[in-house]
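The values are calculated or read from the model by the stated rules, or taken from the named source; none is laboratory data. Here the structure is a predicted model, which means the values were calculated and not measured. Using ideal geometry, Cβ is built from the backbone for each residue, glycine included, and neighbour counts are taken over all protein chains shown.
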Amino acid sequence: MEGLSQGPRAEASFRLRLGDRRTFADRALTLIAIGLGVSALLPLFSVLYMLVVRGSPLLSLELLTELTPGAGMESGGIGNAILGTVVVVMLAAGMSLPLGLFAAIYLAEYGEDSGLSVVVRFAGKVLSGMPSILAGVFAYAIAVSALGSFSAFAGGVALAILIVPTVMLTAEEALRLVPSKMKQAALGMGATRAQMVTKVLIPTAMPGILTGVMLALSRAAGETAPLLLTALFSDYWFDGKLGEPIASLAVLIYNFSGSPFEYQVNLAWAASLVLVALVLLFNVLAQVVTRRPEEH
Amino acid sequence: MTPQEVLSNTATIADHRRTRPATGEASRVAAAEWLVDCQIEKLHYGSFLAVRDAHVPIAGNQITAFIGPSGCGKSTVLRSLNRMNDFIPGFRLDGSVRFQGQDIYGPDVDPVAVRRSVGMVFQQPNPFAMSIYQNVAFGLKLNRFKGDYDERVETALRGAALWDEVKDKLSASGLSLSGGQQQRLCIARAIAVEPALLLMDEPCSALDPIATRRIEDLMLELKERYTIAIVTHNLQQAQRVADRTAFFYVDTSAGGRTGYLIEYRATGELFDDPREDRTKAYLRGEFS
């Protein structure tokens, strides 16, 4: 105790002094950080708020199950557009995911630093930054012009072109994050390289891969420009014919939001809300599916 | 099919007596008892000579320790025994590693088949991001084992002295275990397929002393059934567990850092009566 009394007194040195320059700077920076964090959320929440306020009055079973109304009609829904979006996105996923995922496995595991993988990676980065309308123009050229008609298939091609680079690059990243000690463990057990990839590398990287896939699919589901040039729109239900135009939420929103008829404008709001909800639903589903129970 | 059967099925020569007699003191073990006759003359990574003159035959149902300073090639030699070095670009081995007479570097040998018979435990515990059960069953699945998985998993976990700690949470992730438990899980995973040889590359260096002691006790139990080769930095560990000890050293005379074998004898003899000056100095702790 006597030794302590010779030094500075604890009460004096530990007291909080707001006037101190360092304390003030600390508090001020904390406040600024919180403030900027909140303001970054503002646009997001105001968009969501608008969607809920303007879109929710029309929410009903009819909205989800009925056909889009013609000009001036006061009833109808967006059922064909919801189905159409799901169909086109699934088509696109079917075309793009095998391509993107196998390319990612090649880049992460087999190609590594080969000349081919450098070129592929560079092309992927360029493509992922490409304006989406160019994917539409390209799909128009190879699918619409060639087959002679706007079609669901062409819409799928356009979205697939947008999905491939995103999936490839994010999946490669996820695969590369798998610790090499796990790969060594598999190889040390006498796994062939293919067994190591399918039994250890991919399962371990799966959450990351799925995140990338969901990101790419969500983005594709909201794309409008490429679909305007390829899938166009339809006021009827999708009847299994991929060679004909098909409705989609994104194009519906584009068409109806500029409409002179109030009911169609309201439908556009409701469709926006449904689109966002769909994307959210898929993301949550993917999270649930890939969650590993009892990790810790 | 046991690993031995796998080997002899793919083997052209399975005659134990044709194993080359070992050099020096090691030859006191009758040739027929050598499980692996490792005769590495030169081991290159590209133009870099990493190891030379590593003649370390390994006797069955014994623990063989590789000791020596960092960079002396002891891990490299260990990894030559199951061809894990194949993954390093430029790897080239002159000499032979004969597993019950069959050269695992022979022209028709599938390195994957070799690794199925030679288990490996790494420095860092490396369980898969799967359940404890799936971790142990992994090798069985690779080998398309058609039998009672539950029984084999339990036997392996008991063998690795982990069963009592995990029997109520076999579906928990292997990554949820402590470091020492993870390492015993890796041992269980390795012995589940009943390997002819178990390689351990500094298996305790990431563990605390208590976990280390458990692994050492486990190794002594395992040698009743298995043959173990272990790399260790811990001289006391080699003394405690190993039947035979090989001392490696680094030769910097040619400008590079080339590891080579100095002395390979029964552990007691090597520690009590080292023959080479370098061994004496190393055991006295004069360099590391």
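Restricting A:84, A:72 to residues that are in contact with a helix residue (DSSP H, G or I) (Cβ under 9 Å, 6 or more places away or on another chain) and surrounded by 12 or more Cβ atoms within 10 Å (Cβ to Cβ) narrows the list to A:84. For residue A:202, the test of being surrounded by fewer than 23 Cβ atoms within 10 Å (Cβ to Cβ), within 14 Å of another protein chain (Cβ to nearest Cβ) and either assigned to a loop (DSSP other than H, G, I, E, B) or not charged (D, E, K, R) (or both) is passed. Please find, among B:232, B:227, the residue that is out of contact with any Leu (no Cβ under 6 Å at 6 or more places or on another chain) and β-branched (Val, Ile, Thr). Just a single option satisfies the conditions, and that option is B:232. Hey, any hits in the range B:239-252 for a residue that's over 20 Å from residue B:79 (Cβ atoms), modelled with pLDDT under 90 and outside any helix (DSSP H, G or I)? Yes: the range B:239-252 contains one or more residues that are over 20 Å from residue B:79 (Cβ atoms), modelled with pLDDT under 90 and outside any helix (DSSP H, G or I). Taken over the range B:152-179, residues that are away from chain A (no Cβ under 11 Å) and touching a Pro at 6+ places or on another chain (Cβ under 8 Å) amount to 1. Mind listing just one residue for me: the one in the range B:79-106 that is within 13 Å of chain A (Cβ to nearest Cβ) and of a type in the set (Val, Ile, Thr) and, of those, surrounded by the most Cβ atoms within 10 Å (Cβ to Cβ)? In this case the residue turns out to be B:104.
Filter the range B:124-151 down to residues that are part of a helix (DSSP H, G or I) and more than 22 Å from the chain's Cα centre (by Cα) and give me whichever is nearest to the other protein chains (Cβ to nearest Cβ). So, considering only residues that are part of a helix (DSSP H, G or I) and more than 22 Å from the chain's Cα centre (by Cα), the one nearest to the other protein chains (Cβ to nearest Cβ) is B:141. The criterion of at least 1 residues that are of a type outside the set (Ser, Thr, Tyr), at pLDDT 95 or above and not assigned by TED's automatic domain parsing to the domain that holds residue A:161 is met, among helices (runs of 4 or more DSSP H) falling completely within the range A:1-118, by A:21-55. For the range B:107-123, filtering for residues that are at the interface with another protein chain (Cβ under 8 Å from one of its Cβ atoms) and assigned to a helix (DSSP H, G or I) leaves 6. Restricting the range B:62-106 to residues that are small (Gly, Ala, Ser) and in a helix (DSSP H, G or I), the residue that is farthest from residue B:37 (Cα to Cα) is B:75.
Among the residues of the range B:188-214, those identified as outside any loop (DSSP other than H, G, I, E, B) and closer than 23 Å to residue B:80 by Cβ are B:189, B:190, B:191, B:197, B:198, B:199, B:200, B:201.
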